[in-house]
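These notes concern the structure reproduced below.
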């Protein structure tokens, strides 16, 4: 079990901005996108009959999303870039240490209508009591739920236009990875590894990446204006 | 010792080594097979024990609402009315409806839970919080993914909410253990609120 304190500043704590001065317009807003290609290492995630592995597909998708976001001026970090399998807490720790960041967890399902994409945010969580500006690691997502849903709606809206049969609004699901994330956070799940031809899944990736980038760009102005007052102080999570 | 005896002893030793080398893999296979048979028997015994709760019940039949998938794409849940002999005792009633849910509908495409999963135990605390302990297969055989894992848990919660109103919250265990996720996605670390608010397709 990991121990220690991990600091994660809220999006409005401009005093914690990096010393290398970014453009003034970006400093108080959304600067960093953390991409989380799910699974990896000994955990391949969902597996299709044709040998398709979720852990490989999401790594390809992450590379495409990264290129698109960097072209829009975002700094992009990844929870893994190769075949590693960081723990849920290690993945959260990466985003919780950033200022002005959002978190996108990338998945491919085993089931679902092939050729569709669903976006998830956490369901309602009780806001834990703040103790001197600290919130519990285990409930870190609670204060960010409204922003997560707004981000989810923006990305899902773009995906619905490209992939018919996809929902038009963000879905809710209690996803372990999102719970400990102190930033607007969503999971994007493509259906599915059961697709008849892997090539069909590969052909979806540029469209999914483009929709995700467009959604993040649409969301960017909301990030500044909708910052929750309850997390305006630096947020510190304590890992168990 | 004469050279003749020395040769005999060496031949004997070589024969013993060869016999051991040949027999060891066979013995290993036997032990493995025995362990597998024992594991299967335990699982079967649990299933028979829990399923007999339905088969041997003398309770009057009532209309229960079970929630399975609306289609093969896991796009939601739909209610199906099934006539079951249900106990008035909440924990026993919960076991009966969950075992029926596990057995699945006629169309196996619409199952929400793995065929080889079994309910090992179910109990309810006085405050309405219940604990459902499922066998390992619940986590290992379910298709991995947010959508499939959520549908599985939603079908359990919605079925309990509809048929056992005494259950207010549900903690899911796998083989007696608290686990972080069902199959890599859905969070099982906390207690689910059991309510009829989960949307279904009529």
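Just so you know, all these numbers are worked out from the coordinates, no wet-lab data involved. Computed from a prediction, not measured in an experiment: that's the story for all the values here. Counting neighbours? That spans all protein chains shown, and the Cβs are built from the backbone with ideal geometry, glycine included.
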When B:134, A:88 are arranged by how many other beta-carbons sit within 10 Å of their Cβ, fewest first, they go A:88, B:134
What nm distance separates the two modelled labels at residue B:89 and residue B:141, each placed 7 Å from Cα along Cα→Cβ? 2.7
So, R0 is 35 Å and r is the distance between the beta-carbons of residue B:127 and residue A:90; what FRET efficiency does that work out to, to 0.05? 0.50
Using the 10 angstrom Cβ neighbour count as an exposure proxy, how do B:106, B:14, A:155 rank, fewest first? B:106, B:14, A:155
What FRET efficiency do you get for residue B:78 and residue A:124 if R0 is 22 Å and r is their Cβ-Cβ distance, rounded to the nearest 0.05? 0.35
Quotient of Cα Rg and 2.2 N^0.38 Å for the range B:57-193, N being how many residues it contains: 0.98
Based on the alpha carbons, how large is the Rg to Rh ratio for the range B:77-138 when Rh follows Kirkwood? 0.98
How would the range A:24-113 be classified by its alpha-carbon gyration tensor: rounded, prolate or oblate, with rounded meaning a/c under 1.5 and the a/b versus b/c comparison settling the rest? prolate
For the residue pair residue B:180 and residue A:210, what label-to-label distance in nm results when each label sits 7 Å from Cα along the Cα-to-beta-carbon direction? 3.6
How much length is gained if the chain between residue A:162 and residue A:43 is pulled fully straight, taking 0.36 nm per residue apart and subtracting their Cα-Cα distance, in nm to one decimal? 39.8 nm
Per the Cα gyration tensor, the range A:28-239 corresponds to an equivalent ellipsoid with semi-axes, largest first in Å, of 28, 18, 15
So for the pair residue B:116, residue A:218, with labels modelled 7 Å out along Cα→Cβ, what separation do we get in nm? 4.3
Give me A:148, B:87 sorted ascending by neighbouring Cβ count inside 10 Å, so fewest comes first. B:87, A:148
